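A short write-up of the structure that comes next.
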Amino acid sequence: MKGLLLKDFYVALKSCKMYFIIDAIFIVMSFALSEFLDDSIAFLLFPVLISGEISISLLSFDEKSKWSKYSGALPYSAGQMVSSKYLFSIIFVALTALVTFLAMIIHVNTIGGAALSEAATDIGVMCISTFIITAVGLPLCFKFGTERGRIIFFMTIFLAAFLFANFADKLIALAQNRYIVWIIIAVVAAIYALSWFISVAIYSKREVTD
């Protein structure tokens, strides 16, 4: 498993540089547009939302390089192959959220904006949305391939962004209740685990028929 995660890490560094560039652009925009927008700190939330797409991109590179056929000669099970994508997504989203929160700390202390507690809540809500999106996107990509699966994935992202923009206040209000927060986290974890299980089942069948 460690070898698979390292492989994905190296591929991300080499082939997914655009994600890091986009993240940097949003961070710069949050500071540069602070004089024109009162809520420019909101730009710092987008890197977390799009970070879930990294696992889809890694899966796409695997398809193009025929990795699934090559990996058949390696001592990796279908569960390990799928798990590397889910684990890498968790790690990447967590690291993106950490960098974003550090940027928010600097933003609040130098320019102003929402309180850090509110910023942390916003990032938490965005992380939850990202994990749900990933949980929907990965099984679709394993089933239909990344080209068709990615289309549905981006549609899900746009829907999530629309819902967040229109119901952000209600979601943040719910996040103030710690009991509801734990329930939401448990539900999202269950959805992510179910998606994980479904993807393993899909990949196992595809591995036999390919």
Note down the accessible area of Ile202, probe 1.4 Å, to the nearest 10 Å².
40 Å²
20 Å Cα-Cα reach of Lys143 towards lysines, excluding residues that sit fewer than 8 places from it in its own chain:
Lys64, Lys66, Lys69, Lys85, Lys205
Quick one: give the max-minus-min coordinate of the C-alpha atoms of the range 46-137 along each principal axis, largest first, in Å.
54, 20, 19
Taking K and R as +1 and D and E as -1, what net charge do the other residues with C-beta under 13 Å from the C-beta of Leu49 add up to?
-3
Rounded, prolate or oblate: pick one for the range 1-112, where a ≥ b ≥ c are the square roots of the eigenvalues of its C-alpha gyration tensor, a/c under 1.5 means rounded, and failing that, prolate if a/b is larger than b/c, else oblate.
prolate
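The values are calculated or read from the model by the stated rules, or taken from the named source; none is laboratory data. Please read these numbers as outputs of a predicted model, since none were measured by experiment. Don't worry about glycine lacking a Cβ; one is built from the backbone with ideal geometry, like all the others, and counts go over all protein chains shown. With ligands, DNA and RNA removed, areas are computed over all heavy atoms of the protein, side chains included. Shrake-Rupley method; radii C 1.70, N 1.55, O 1.52, S 1.80 Å.
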